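Engineer: Attaching a single structure in structure tokens format; questions to follow.
No lab work stands behind these numbers, since they all come straight from the coordinates. Treat the numbers as computed from the prediction; the structure is a model and nothing was measured. Cβ atoms come from the backbone with ideal geometry, glycine included; neighbour counts cover every protein chain shown.
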Number of protein chains: 2
Amino acid sequence: MTTPRKPRGPYRKGVRRREQILDTALEVFAGRGDAPLQEIADRVGLSQAGVLHYFGSREELLLAVLRRRDTLDRAAGEHAGGPGEAVARTVRHNMDQPGLVRLFVSLSAAATDPSHPAHEFFADRYRDLTATIARGLAAGRRAGTVRADEDAEHLARLLVAVSDGLQLQWLLDPSVDMAALVETFDRLCAAPREE
Amino acid sequence: MTTPRKPRGPYRKGVRRREQILDTALEVFAGRGDAPLQEIADRVGLSQAGVLHYFGSREELLLAVLRRRDTLDRAAGEHAGGPGEAVARTVRHNMDQPGLVRLFVSLSAAATDPSHPAHEFFADRYRDLTATIARGLAAGRRAGTVRADEDAEHLARLLVAVSDGLQLQWLLDPSVDMAALVETFDRLCAAPREE
């Protein structure tokens, strides 16, 4: 087993600075998915080149933002009753962050092109997310809360599709209640109650 | 009641030419969502400007292609048993047209921006599609085939979300069987069988 070494000196300072930029970018993009790099640079007191020094490119920064959001979402969903509840909670949170939803929708669509720099990231993300949710649903099946007549992986793919598809509908019509609809889907996946 | 007049003379010729370009564009985009305008122009024996004369802009041509696809899909789904079956059939057909799926995914994502020229088209499309599917599901409820414990409009929104979200997953991983997953979702919406 290897113990991760704590970063020290200038390297540690660089890591901290990167985190600070990431937090700021997350905040800025939450409001406007298409915020210009300059706005983030201004907020952290750097030039655009200074910001890019930490991320390499605008695309890399955007990906780091989405990765960070996934990490926060996972942490928030940890104490949910099941995958459906965890996704509903995430989606409810997203409804306060239209900019990040827009960023996610446009970047994921562009990344379907195999030559896009984020293609690998999204392919991995969907594989991992589906597997995690499928494990949670399989546990629900064993506990008798999730219906046993459909494959857990298929239900997982549908849950992920529902949350992605609803983002599109919500951006086009903000009166769509994404979180309530994810909860509806979750009920469709529930085991029938014993009479 | 007004009878639509049959177009005559040069106007009719223009309509025919437009239809021909549209058919060709549909064919070309079916294979490659990002096909250059020149490829369509070459196939119909026109210059790019000649093609644009009939559509105004590249965006308008893309929208006309998607509109035409919707019309063909609706016709194909007319004799389906219910909305779920109709969507599954459309999705199965789409699996032979990755280019059109890619075009739809990227254009719908871009159109979430209210200033995008296709914003209105997509907002209308989702409203109409959801209403049509909800009517079909409500009929299924009355016939006892669709579960009655959830709102038909909510199930309709979920069915649309499922088919959109699966397109993203399928483009990232072509082994995802979109049509089979729509069928799975359709079973989740079925009324419980009498024992």
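Engineer: Going by C-beta contacts inside 10 Å, put B:Leu52, B:Leu107, B:Leu171 in order with the fewest on the left. Please list the in-between numbers first.
Structural biologist: Values: B:Leu52 17, B:Leu107 20, B:Leu171 25.
Going from least to most buried by this count: B:Leu52, B:Leu107, B:Leu171.
Engineer: Here's something else I'd like to know. Label B:Ala80 and B:Arg16 with points 7 Å out from Cα along Cα→Cβ: what is the distance between them in nm?
Structural biologist: Label-label distance for B:Ala80 and B:Arg16, simple model: 3.5 nm.
Engineer: Which cross-chain or sequence-distant (5 or more) residues have an amide H under 5 Å from the amide H of A:Val146, H modelled 1.01 Å from N in plane?
Structural biologist: A:Arg141, A:Ala191
Engineer: Each residue of the range A:164-176 in turn: what ³J(HN,Hα) in whole Hz from Karplus with 6.51, -1.76, 1.60 and θ = phi - 60°, glycine and Pro shown as x?
Structural biologist: With coefficients 6.51, -1.76 and 1.60, one gets 5, x, 5, 4, 4, 4, 5, 5, 7, 8, x, 7, 5 Hz.
Engineer: Next question, about the same structure. Name the long-range amide H neighbours of B:Arg32: under 5 Å, sequence gap of 5 or more, or other chain; modelled H, no Pro or chain starts.
Structural biologist: B:Gly99
Engineer: Which distances, shortest first and in nm, link B:His79 to the matching position in the other copies, using label points set 7 Å out along Cα to C-beta?
Structural biologist: In ascending order, 5.7 nm.
Engineer: Another question, then. Taking only Cα atoms, what is the 0 to 90° angle, nearest 10, from helix B:83-94's long axis to the longest principal axis of chain B?
Structural biologist: On a 0 to 90 degree scale, this one is about 40.
Engineer: Any idea what the B:His93 label distances to the other copies are, label 7 Å down the Cα→Cβ vector, nm, shortest first?
Structural biologist: With the label placed 7 Å along Cα→Cβ, B:His93 yields 4.1 nm.
Engineer: So, one more: Sort B:Phe121, A:Phe122 so the one with the fewest other Cβ atoms within 10 Å of its own Cβ comes first. Can you show the working numbers first?
Structural biologist: Details: B:Phe121 18, A:Phe122 24.
Ordered from fewest to most neighbouring Cβ atoms within 10 Å, B:Phe121, A:Phe122 come out as B:Phe121, A:Phe122.
Engineer: While we're on this one: If you filter the range B:37-130 for GluC sites (Glu not before Pro), then keep DSSP loop positions with at most 14 other Cβ within 10 Å, what is left? Mind showing how you got there, number by number?
Structural biologist: Values: sites: B:Glu39, B:Glu59, B:Glu60, B:Glu78, B:Glu85, B:Glu120; in loops: B:Glu78.
Passing both the DSSP loop test and the Cβ count: B:Glu78.
Engineer: What nm distances, shortest first, do you get from the label point of B:Gly31 to those in the other copies when the point sits 7 angstrom along Cα to Cβ?
Structural biologist: 4.8
Engineer: Could you derive backbone 3J(HN,Hα) for the range A:115-123 from the dihedral phi with the Karplus parameters 6.51, -1.76 and 1.60 (θ = phi - 60°), listing whole Hz in sequence and x where the residue is Gly or Pro?
Structural biologist: For the range A:115-123, the Karplus curve yields 8, 6, x, 9, 4, 4, 4, 6, 4 Hz.
Engineer: When the Cα atoms of the range A:9-188 are enclosed in a convex hull and the volume is divided per residue, what value in Å³ results? Don't skip to the answer; put the middle values down first.
Structural biologist: Values: hull volume 22.8 nm³, N = 180.
That works out to 127 Å³ per residue.
Engineer: Quick one: compute the contact order of chain A, relative version, from alpha carbon pairs under 8 angstrom and 6+ residues apart, as a percent. Kindly include the intermediate steps, with their values, before the conclusion.
Structural biologist: Values: 164 pairs, mean separation 39.9, N = 195.
Relative contact order here is 20 percent.
Engineer: In the range A:166-186, which residues have a backbone nitrogen under 11 Å from the label point lying 7 Å from B:Glu153's Cα in the Cα-to-Cβ direction?
Structural biologist: So the set is A:176-177.
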